[in-house]
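Peer 1: Below you'll find the structure I mean.
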């Protein structure tokens, strides 16, 4: 089983959720049940890349064109199509526990993609998102 955790503490532990994640990821029951853990969070601080590099590994980064793997090429396509910056790597936790990390800077995301996504959410799931309006530039 693969699990994705959306968190603002994907790279740095500030307190509450970071401690919960650390305990969860290292729990033996979790380790037995989960094959792959991915921490997804915002890329709002450039220092997060440095922290990830220090505490794990950066496999792909929009900022330094790092990465030539198949995954890196796919992430580069996402980056271009959606106009976002991405950082992908692995973070180490205690006892040899490792989780993948994907950080996204969506400050300049393609607004047409967002509107199309919201439209599809409504069409397929009747999920209304007009109160989260993003004006077109």
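The values are calculated or read from the model by the stated rules, or taken from the named source; none is laboratory data. Since the structure is predicted, the reported quantities are computational estimates derived from the model, not experimental observations. Cβ placement follows ideal geometry from the backbone for every residue including glycine, while neighbour counts extend to all protein chains displayed.
Peer 1: Could you check region 1-44 and list, in sequence order, the residues that are out of contact with any helix residue (DSSP H, G or I) (no Cβ under 8 Å at 6 or more places or on another chain) and free of Cβ contacts under 8 Å to residues at least 12 places away in the same chain?
Peer 2: Matches in region 1-44: 14, 15, 16, 17, 18, 19, 20, 23, 27, 28, 29, 32.
Peer 1: Quick test of your reading of the structure: residue 113 fulfils all but one of (1) closer than 21 Å to residue 42 by Cα; (2) in a helix (DSSP H, G or I); (3) out of contact with any helix residue (DSSP H, G or I) (no Cβ under 9 Å at 6 or more places or on another chain). Name the failing condition by number.
Peer 2: Result: residue 113 passes all but (3).
Peer 1: Just one of the numbered conditions (1) surrounded by fewer than 19 Cβ atoms within 10 Å (Cβ to Cβ); (2) closer than 17 Å to residue 22 by Cα; (3) touching a strand residue (DSSP E or B) at 6+ places or on another chain (Cβ under 9 Å) is not true of residue 71; which one?
Peer 2: (2)
Peer 1: For region 45-56, give me the residue count where each residue is farther than 23 Å from residue 106 by Cα and either in contact with a helix residue (DSSP H, G or I) (Cβ under 7 Å, 6 or more places away or on another chain) or free of Cβ contacts under 8 Å to residues at least 12 places away in the same chain (or both).
Peer 2: 1
Peer 1: Tell me which residues, restricted to region 59-85, are in contact with a helix residue (DSSP H, G or I) (Cβ under 8 Å, 6 or more places away or on another chain) and closer than 23 Å to residue 34 by Cβ.
Peer 2: Correct list: 59, 60.
Peer 1: Got a number for residues in region 80-89 being in a loop (DSSP other than H, G, I, E, B) and either in contact with a strand residue (DSSP E or B) (Cβ under 7 Å, 6 or more places away or on another chain) or surrounded by 20 or more Cβ atoms within 10 Å (Cβ to Cβ) (or both)?
Peer 2: First pass over region 80-89, keeping only residues in a loop (DSSP other than H, G, I, E, B): 83-84.
After this cut, where a residue has to be either in contact with a strand residue (DSSP E or B) (Cβ under 7 Å, 6 or more places away or on another chain) or surrounded by 20 or more Cβ atoms within 10 Å (Cβ to Cβ) (or both) as well, the list is 84.
So the count comes out to 1.
Peer 1: Residue 110 passes all but one of (1) under 24 Å from residue 22 (Cα atoms); (2) surrounded by 15 or more Cβ atoms within 10 Å (Cβ to Cβ); (3) without any contact (Cβ under 8 Å) to a residue 60 or more places away in the chain; which number fails?
Peer 2: All conditions are met except number (1).
Peer 1: May I pose another question? What pairs come out if I take residues in region 57-81 that are within 24 Å of residue 47 (Cβ to Cβ) and pair them with residues that are at pLDDT below 85 and not in a strand (DSSP E or B) whose C-beta lies under 8 Å away, six or more apart or interchain?
Peer 2: Once the first residue is within 24 Å of residue 47 (Cβ to Cβ) and sits in region 57-81, its partners that are at pLDDT below 85 and not in a strand (DSSP E or B) give 59/67; 59/69; 60/67; 60/69; 61/67; 63/46; 75/67; 76/67.
Peer 1: Mind checking whether some residue in region 42-50 is at pLDDT 90 or above, touching a strand residue (DSSP E or B) at 6+ places or on another chain (Cβ under 8 Å) and surrounded by 13 or more Cβ atoms within 10 Å (Cβ to Cβ)? Talk me through it step by step, then tell me what you get.
Peer 2: Step one: filter region 42-50 for residues at pLDDT 90 or above, giving 42-43.
When the remaining residues are screened for being touching a strand residue (DSSP E or B) at 6+ places or on another chain (Cβ under 8 Å), the result is 42-43.
The next check asks that each one be surrounded by 13 or more Cβ atoms within 10 Å (Cβ to Cβ); those that pass are 42-43.
Scanning region 42-50, I find at least one residue that is at pLDDT 90 or above, touching a strand residue (DSSP E or B) at 6+ places or on another chain (Cβ under 8 Å) and surrounded by 13 or more Cβ atoms within 10 Å (Cβ to Cβ), so the answer is yes.
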